[in-house]
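The structure appears below as structure tokens.
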Amino acid sequence: MKKVVIICLFLAGILGIGAYLYSYQYFVQDKVQESEVKQSSVVLPETVAAVVQTEERITRDTLYYMETYRIDQNTTIRETKRMPSEVIGNNRRQFAEYLEKMMEEALEEEQKNGFLSIELIDFSKDAVVVRKSYKEPEKECEFYLDVQMGRVIVRNSLDDSLYAYTEIKFETLPENLKREILRGYPVENLEVLYEFLESYSSWREGRKWQEGCFRLPIT
């Protein structure tokens with residue numbers, strides 16, 4: 001009887017030891033896998049530094065090109081400019097923000113010259129290229145030419161009122177000019193108006209004014 005008890009205890013001990021070893025092995029394996037997952041998801045400081053270091057930035061040696069693009073003339077002029085000290089060290093995003101500020105602070109004189117936009121064309125540590133686009137502003141014409149009773153007349157562009165009438169006969173004008181006058185030939189100001197009338201009449205010196213209008217004698 002004692003032998004049976006001893007054998008049962010011995011077998012129970014072996015089973016207990018086996019269960020413990022199996023549990024310990026499973027626990028160790030689980031910890032190893034967890035550690036591997038953490039290591040794979042952690043970005044080392046050296047890696048972060050390397051990524052930051054590869055981002056291109058403006059240096060004191062970076063060339064700065066400024067292009068002036070005239071849309072109406074389809075011409076581009078490139079000039080080399082001095083790099084502003086405040087953008088040294090800028091990355092692409094920071095430099096683009098600097099250009100946006102320039103756009104907002106565009107000088108009134110530039111706007112008068114038809115300034116439209118400023119954009120970043122190319123960016124690298126070696127060179128940056130910026131383009132400023134312009135378009136000649138449309139001139140507001142003060143007068144336009146029309147026809148009345150076979151004669152050329154001048155009207156105010158603002159309200160279409162009669163400004164002046166001339167003795168220039170419409171039928172004597174070139175065909176292309178006739179077509180333009182029928183569409184409403186724009187005249188920028190008085191100086192341009194006088195130049196036009198002198199070109200198509202014998203008027204040189206005197207101007208006869210009658211109630212805000214004038215006549216030009218035709219020879």
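All of the numbers you see were taken from the coordinates with simple rules; none came from a lab. Note that the structure is predicted; figures quoted are calculated from it, not measured.
Summary table
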{"item": "J(HN,Hα) series, the range 143-156, from Karplus relation 6.51 cos²θ - 1.76 cosθ + 1.60, nearest Hz, glycine and proline x", "result": "9, 8, 8, 9, 10, 8, 6, x, 10, 7, 10, 10, 10, 6"}
{"item": "Whole-number Å³ per residue for the convex hull built on Cα positions in the range 74-158", "result": "142 Å³"}
